[in-house]
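Take a look at the structure set out below.
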Amino acid sequence: MSETKNPGEKKLTLSLKPRGGTETGVVRQSFSHGRSKSVVVEVKKRRAIGGAPEPKVEAPVEPPKKAAAAPAPKAPPAPPAPKSGVVLRTLTEEEMAARASALADSRVREAEERKHAEEEAKRRASREAIERVEREAAEARKREEDARHKVEEESKRKAGEVAKKRLSDDEVRKPAPGARPKLEAEADDDAPRTARRPGGGAGAARPATARPAAPRSAPPKERGRLTLVTALRADEVRERSVASFRRRTQRMKGHAANEPKEKLTREVIIPDAITIQELANRMSERAVDVIRLLMKQGQMATINDVLDADTAQLIAEEMGHTARRVSESDVEEGLFDSADDEGALESRAPVVTVMGHVDHGKTSLLDAIRQADVVSGEAGGITQHIGAYQVTSASGDKVTFIDTPGHAAFTAMRARGAKVTDIVILVVAADDGVMPQTVEAIHHAKAAKVPIIVAINKIDKPGATPDRVRTELLQHEIQVESLGGDVVDVEVSATKKTNIDKLLEMIALQAEILDLKANPSRPAEGTVIEAKLDRGRGPVATVLVQRGTLHPGDIVVAGAEWGRVRALVSDTGAAVQSAGPSTPVEVLGFSGTPDAGDRLAVVENEARAREITDYRQRQKREKTATRATGMRGSLEQMMAQARTAGRKEFGLVIKADVQGSLEAIVGTLDKLGTDEVAARVLHSGVGGISESDVTLAEASGVPIIAFNVRANKEAREAAERAGIEIRYYNIIYDLVDDVKKAMSGLLPPTIRETMLGNAQILEVFKVSKVGNIAGCKVTDGTVERGANVRLIRDNVVVHEGKLSQLKRFKDDVKEVSSGMECGMAFENYQDMRQGDVIECYRVEQVARSL
C-alpha cells in the first residue's frame, strides 16, 4: 500500500506476501486535495476439501489514469505488475480437526433448535386447545342465555296478549305492577347493537342479523406474552383475548344476579347475649335488615348493641331461620349424673350420717363403733369439724360414717352431711330429750328424704327416760316402732358400749332394704365433705366418692378449683391407690382450696378442666360483684340500704383451719349484725396467717381472728411492728362472744334520766355582778348542785341546763332536801319568773349490748 501527496515525493509501497491460493492486485484510490492511495487487494479462492486444485484467476489490473491537468513531462515507463500464480495447498491435521468439530457443533446446535421448536409448538397447541374449549364453553353459555331470553320474551308476549284481551287500551299502556323490570341483556336484544370504540362514541347501528363467521385462513394465534416485537408484527391480526371472553361471561352472569334467589334456611346458634352484627353474620343476612326489623318492632338499635337470647331467637325465626339456644353453662353438660348400665352396677357400702344436739354423744357413739378416741382430742369436748370414717362391722360389711357438729353455728355442715348420706342416725340423750338442734337435724333428714334411725344415748345415766324421748319425737312426726311407727329406735350407751352391735345390725338391715348399688368402673364422682390448706401438703380436700373409682393421676374438678390427684389418703392415714364408691379419702393435688359441699368429677383432660373452672370463677366473681353493689331495681333492697345507711361496721380478717369452720364462723358473725352495727369480714381464708393478711389488716385498721391456726414468724413480727392484734381461738363459742362484745362497744350508749326532785320559784332577786337568783322551795325529793335542771312555765319547758349555784342562807351547799328553801342560779340563763317550776334530774349513760 502506498500513499503520495506530491508528485516529486518519494513513493512508499507496502505489500503483503502472497500465499498459496490467493491472487493479489493493486487498486488506486483518489481523495481530495490531490491525494491518492494504492491498495493491494488479495482475492482468496475457495478451495475444495481434499486438495483439489482451483482454477487460476488473474487479478485485474487497473489501467493508469490520464492526467487531467496540463501535459507534464514524460515519465519513465512503469515497471510491469508482478504476476503471481495460485498455489493450492492441503489442510493440516489441526485445521481438519477444527473444521470437523465446527461441523459437529453446528449439527448439535441445529438438533437442539429443532427440539426447542417442537416443544414450543406443543405448548402453543395445548394453549390453543384450552382457549378453544373456553371459547366453546362461553359460546354455549351465550346460546343458553339467548334461548332462555327467547323463552321469557315469548312468555311475556303471551302474557301481554292475554292482558290486552282483558284490559282496555289505556290500561294496556301501563306496565303491570308485578312485572319484572327488563334486564340489560333483554334490552340489548331489543335495541339495535352499536359498536363502541375506545376513541369515540357509538358507531353506526348494525343490524341484529347474525353475521356469518369468516373462515380463518391464518394459523391459530400464539397466546404468549405481548411484547413490542409481537405487537408490531404485520403478519398477524389482533383477536379477542381470554380476559375479554371472561369479562363478557361475567357480564352475562351479572344479569342473572338480578333475579330473585331462593331463600336459604340456616340453623343459628344463639348464646345468652349476642350483638346485632354477630347475629347477622350467623344468619348470613345484612345487619341493616336486622336493624330494620327491630325498628318495625319499636326498638331503636345500632349494629353493636347486645340482644338477649329471646329477642335474637324471635329475629332469627322472623327471618326464616331455625334458632338453637346455647348457654355458657353448657360447658358443664355431661359432667354429672350420666346414666349407668344396669349390668355394671355393684353393691356399695351405706353412708351413715350421725346427727343430733350438741353434747348428746354423737362423737362418743362413733368412737365406740370405731373403737377409737376422737373426743379427747377435740377442743372443749365439742366437734367443730365434719369427719368421715369407714368401719368394718363384725359381719364383714363396710359402713361409712359421717360425723357432724351439733351446735347451732354448723347448720351448713349438717345440711351437707344430710345431702350425701343414705341413712341418718339421730342421736338423742335420754336425760336431755329433744333439743333445738335435734329438731333441725330432723328437718335436714326429711329434706334429704333419707330414712332415720333413732339412737337414744346415755341410757346408763340415773335420770335417763327413753320413753320421754319417744314421746317428744311424736311432736315432730317421728313415730318409732314401739309406738306403732316405722322408725327404728335403739337404746345405746356410748361409754358402756351397750347395744352397739344391735345398732350396726339395724344399719345393715336398712341398707339391705335400700339396695344400694353403684358402678365402680366409670370415672369418679363425689362430694367435698371438708377442705383445708395444709402447710406441708397444700390444699387437701376430704372427698366422699359416690360413683366410679378415683385413682392417682386423675384430673378432677371441684367447684372453681381443679387439679391432678397426687395422692389419696384414707381416714387411717394410709396412702391408697384407688377409692371406690362410698369411700372417704383425702385428695391432694388441687390448685386451690375448694369449698365444702362442692361436687367433684373426673374430666378427660386439662383443657376441659380449665374451661369449667374458668366459667365457675367468672360466675363467682359476678355474684360477688352483684352482692357488693346490690340490686338497684329491688325496692326491698333499696329500703334496706336506706335503713342501714348510717350503720357502723366492725372489720375483721378471719383465718381458719378448714373450710367448714370458716363458713360457720362467717355465718354466725353475719347473724350478729343489727341496723346499727354489723361485722364486716374483709378477708377470710383457710390456712395460717401470712404477711399479706397482716398488711391487709394494717391498711384497714382491723384485728385478725385465728381459729385453730397460728401466724408464722414473719407475720408475727410484722403484726408487732404495725400494732395489729391477733386473737387466737380454738372454740367457736369464745370467738363469737368476744366479737359480740367488741361490736357492742360500737353501739351508742342509752341515755337514762333519774329524777331527783322538784322546786318552785317563790321570788326572783337581782344581785349585782351575779345576776338573777331564784328563791325556791323544794317541794319533792332533793336538789343537787351541778345537776341538770328543766324550767317549766305554764306546763311548757322553756329552758334546759345545769344548776350552777345552790345556796342556803348565803352558804353554798351541795344539796337541799324537800321542804327547805334555797337560792338557785342557772348557767347562762337569767329569765326566771315567780311561779316557775324547776325539775332537777341526773343523766346516766348505760352501755348497750347485742
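Observations on the model:
- Residue in region 124-134 that is at pLDDT 90 or above and touching a Phe, Trp or Tyr at 6+ places or on another chain (Cβ under 8 Å) present: yes
- The single condition among (1) charged (D, E, K, R); (2) open to solvent by 30 Å² or more (accessible area, probe 1.4 Å); (3) in contact with a helix residue (DSSP H, G or I) (Cβ under 7 Å, 6 or more places away or on another chain) that D367 does not satisfy is (2).
- Some residue of region 662-676 being under 31 Å from the mean Cα position of the chain (by Cα) and farther than 30 Å from P748 by Cβ: yes
- For region 383-425, a residue qualifies if it is open to solvent by 30 Å² or more (accessible area, probe 1.4 Å), modelled with pLDDT of 70 or more and among the hydroxyl-bearing types (S, T, Y), and the qualifying residues are Y389, T392, S395.
- Unmet requirement for V666, which otherwise passes all of (1) closer than 30 Å to T404 by Cα; (2) at pLDDT below 85; (3) assigned to a helix (DSSP H, G or I): (2)
- Looking only at region 520-539, residues that are buried (at least 18 other Cβ atoms within 10 Å of the Cβ), in a strand (DSSP E or B) and among the small types (G, A, S) come to 2 in all.
- Answer residue from region 803-817, given it is open to solvent by 90 Å² or more (accessible area, probe 1.4 Å) and assigned to a strand (DSSP E or B) and is nearest to V843 (Cα to Cα) among those: E815
- Odd one out for D675, checked against (1) out of contact with any strand residue (DSSP E or B) (no Cβ under 6 Å at 6 or more places or on another chain); (2) charged (D, E, K, R); (3) part of a helix (DSSP H, G or I): (3)
- Residue satisfying all of: in region 455-492; polar (S, T, N, Q) and closer than 11 Å to A429 by Cβ; nearest to the chain's Cα centre (by Cα) among these: N457
- Candidates R157, R148, R124: the one that is touching a residue at least 60 places away in the same chain (Cβ under 8 Å) and either over 30 Å from M252 (Cβ atoms) or of a type outside the set (A, V, I, L, M, F, W, C) (or both) is R124.
- Residues being among the aromatic types (F, W, Y), surrounded by fewer than 18 Cβ atoms within 10 Å (Cβ to Cβ) and within 19 Å of G667 (Cβ to Cβ) - total across region 697-739: 1
- Taken over region 485-519, the criterion of being more than 30 Å from F336 (Cα to Cα), outside any loop (DSSP other than H, G, I, E, B) and without any contact (Cβ under 8 Å) to a residue 40 or more places away in the chain is satisfied by V487, V488, D489, V490, S493, T498, K502, E505.
- Residues satisfying the stated conditions in region 722-759, i.e. of a type outside the set (D, E), out of contact with any Cys (no Cβ under 6 Å at 6 or more places or on another chain) and assigned to a strand (DSSP E or B): I726, R727, Y728, Y729, T750, I751, R752, T754, M755, N758
The values are calculated or read from the model by the stated rules, or taken from the named source; none is laboratory data. Here the structure is a predicted model, which is why all the values come from computation and not from measurement. Methodologically, a virtual Cβ is constructed for each residue, glycine included, from the backbone with ideal geometry; neighbour enumeration extends over all protein chains shown. Surface accessibility is based on the protein's heavy atoms, side chains included, excluding ligands, DNA and RNA. Shrake-Rupley method; radii C 1.70, N 1.55, O 1.52, S 1.80 Å.
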